[in-house]
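Q: My structure is below; once you've seen it, I'll send some questions.
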Amino acid sequence: MAKLVPSRKARQASKLPAGLLRVDPRSSESMTPPIGGSTGPEEAVSVPDAAGSPAPRSPESGLTGGLIEEDLLEAQIHAKAGRSNPLLGVLVKTLQPSSPNLFGGITTFCKELDEASKEQGARVFFFSVDGIKPGSSQINGWHYASGGWKKGTFPMPSVIYNRLTSRILENRPKVQQFFRDAKASHGAKVFNEKYLNKTEVFQALKDDAACKSFLPESYLFKNYAMLQSMCKKHATVFLKPVLGSLGKGILRVSSLGGGSYSCEIPTLNGTSRKVYPSLLKLFNAQAGKLKTSRYQIQQGLQLVQADGRPVDFRALVQKDQRGEWAITSVVARIAGANHFVSNLARGGSLSTVMEALARTSLPAAEHKKISAQIRKAALAVAEGIQTHIPALFGELGVDLAVDTGGRVWLLEVNSKPSKNDNTPLDGGTSNKIRPSVRRVIRYSKYLANH
């Protein structure tokens, strides 16, 4: 039977499905094709690997060239069958082209993503907001090849992983329009597409049957009357910036008896503490700060301490190759000296859950049960977030704490958990691909085919 081949005009008018790799038919690596087109008519730009010499500056096999008729037909068939090598695009905040650490503190993470994608039959490239071309299906970005980071032009990926760690950048009209176009016009999937804020999280989970028992009393802060009401019910309350992170801007308000109150604020060197003769005077002193941004007021808890220092727990919850939530890691974060927040940026340190619990006053016989409850709570929170918030998430950092009675509480949820090279998230080393990285690729492959 004669083989039907579209005309040249039809081929030129046709669109390549999102995320399908344009493969050079002459390449000997047809099962794991190269990605990234030339940056111009002359040659590709390379950035040396931090651990090696600059990569050869030679032209790459282009993805932006034409496909022969058989390749195009085969690519379309594979797209429908879900058997093509998916292309993952990772949107990052900053690029440093003159540095071996092209992506700053997450360069190692990006390299691991590249290695994990090749290991699992996928491909990944990285791009910043500047690489987005409004109205175009092509993106300027970077991929790793021949020992270095190479610049290139890439087709719209089938999956986009949003690692923008700036709310300002994420909310730019250009970025939001890009997400809309990628989904509506190209069928791309975008995960971790938005930041979460504290008010949104607690509002979404307050009526979730599986999560209600983990939630401290918490509201969007409005006025002095609300502060007064919460302080009558709780000896300590926290005021947290709705859009805050890294422990910045938190106020801890505690009753000292006799009508006086203390207000503690974390600083880089410890904790700043002031005492006020009345709650009203405290409020008036902090009113300027409370008016400049939105705050969440939250019930203070009597939390366990590890050797006299506050401790909480960060669970990294990710979707797996079946698109289901799973615990990747849980670590304990112990506050630094003179700090009441446990963030690493504020002098905190990491520990295993069992080691941290062993340093608390909780009975040893309860430690395994509490550890299991932490994991159960983290999964319930992730499920609740996905159910009640209209956005797609593939990973969440769920911060939990345990009170002196052994009860688990939710503190907050982070949709952009840290990937910094100096943060050992799940036991990875410089010579290993972290389990969390492999899971990102597995979930991306699942999304590409569902």
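The values are calculated or read from the model by the stated rules, or taken from the named source; none is laboratory data. What you are looking at is a predicted structure, and each value in this text was computed from that prediction instead of being measured. Reconstructed Cβ throughout: ideal geometry from the backbone, glycine too, with neighbour counts over all protein chains shown. Ligands, DNA and RNA are stripped out before the accessible areas are found, and what is left, the full protein with its side chains, is counted by its heavy atoms. Shrake-Rupley method; radii C 1.70, N 1.55, O 1.52, S 1.80 Å.
Q: Keeping all protein chains in the complex and leaving out DNA, RNA and ligands, what accessible area do you get for residue 379 with a 1.4 Å probe, in Å² to the nearest 10?
A: Its heavy atoms expose roughly 60 Å² to the probe.
Q: With all pairs of different alpha carbon atoms counted, what Kirkwood hydrodynamic radius in Å does segment 353-413 show?
A: Values: mean 1/r = 0.0792 Å⁻¹.
Kirkwood hydrodynamic radius for segment 353-413: 12.6 Å.
Q: Let me ask something else. Which one, 149, 108, 136, is farthest towards the positive end of the dipole of segment 105-158 when Lys and Arg carry +1 and Asp and Glu -1 on their Cβ?
A: Checking the options against the dipole of segment 105-158, the answer is 136.
Q: Now for a separate question. Need the full-extension length gain, residue 228 to residue 361, defined as separation in residues times 0.36 nm minus the C-alpha distance. One decimal, nm. All intermediate terms of the calculation are to be shown ahead of the outcome.
A: Details: separation 133, 0.36 × 133 = 47.88 nm, distance 3.20 nm.
So the extension gain works out to 44.7 nm.
Q: Strictly over 25 Å apart at the Cα level, which of 183/376; 189/212; 183/212; 248/445; 368/432; 240/281 would you flag in this model? Mind dumping the intermediate values first?
A: On the way: 183/376 33 Å; 189/212 31 Å; 183/212 33 Å; 248/445 36 Å; 368/432 28 Å; 240/281 19 Å.
Checking Cα-Cα distances, 183/376; 189/212; 183/212; 248/445; 368/432 exceed 25 Å.
Q: So what's the gap between the Cα centers of segment 86-128 and segment 224-260, to the nearest angstrom?
A: Here the answer is 41 Å between Cα centres.
Q: Just to be sure I understand the model, the point goes 7 Å from the Cα along the line to the Cβ. What's the resulting residue 407 to residue 138 distance in nm?
A: Using points 7 Å along Cα→Cβ, the separation is 6.0 nm.
Q: Under a plain spin-label model, where a point goes 7 Å from the Cα along Cα-to-Cβ, how far apart in nm are residue 450 and residue 349?
A: It works out to 4.1 nm between the two label points.
Q: Let me ask something additional. Which FRET efficiency value, to the nearest 0.05, do you get for residue 256 and residue 169 by plugging their Cβ-Cβ distance into 1/(1 + (r/R0)^6) with R0 = 45 Å? Please report the intermediate quantities before stating the final value.
A: Values: r = 43 Å, r/R0 = 0.95.
Working from the Cβ atoms, E equals 0.60.
Q: Which ³J(HN,Hα) values, rounded to whole Hz and listed in residue order, are derived for segment 89-104 from phi using the Karplus coefficients 6.51, -1.76 and 1.60 in 6.51 cos²θ - 1.76 cosθ + 1.60 with θ = phi - 60°, glycine and proline given as x?
A: For segment 89-104, the Karplus-derived couplings read x, 10, 8, 10, 6, 10, 10, 10, x, 8, 10, x, 8, 4, 10, x Hz, x marking Gly and Pro.
Q: Counting only the backbone N, which residues of segment 386-420 are under 17 Å from the spot 7 Å out from the Cα of residue 220 toward its beta-carbon?
A: 389-390
Q: Nearest 0.05, what FRET efficiency do residue 101 and residue 280 give at R0 = 35 Å with Cβ-Cβ as r? List each step's numbers first, then the result.
A: Working: r = 50 Å, r/R0 = 1.44.
Once rounded, the FRET efficiency stands at 0.10.
Q: On to the next question. Over the Cα atoms, compute the radius of gyration (one decimal) and Dmax (the largest Cα-Cα distance, rounded to a whole number) for segment 104-194, in Å.
A: 13.2, 36
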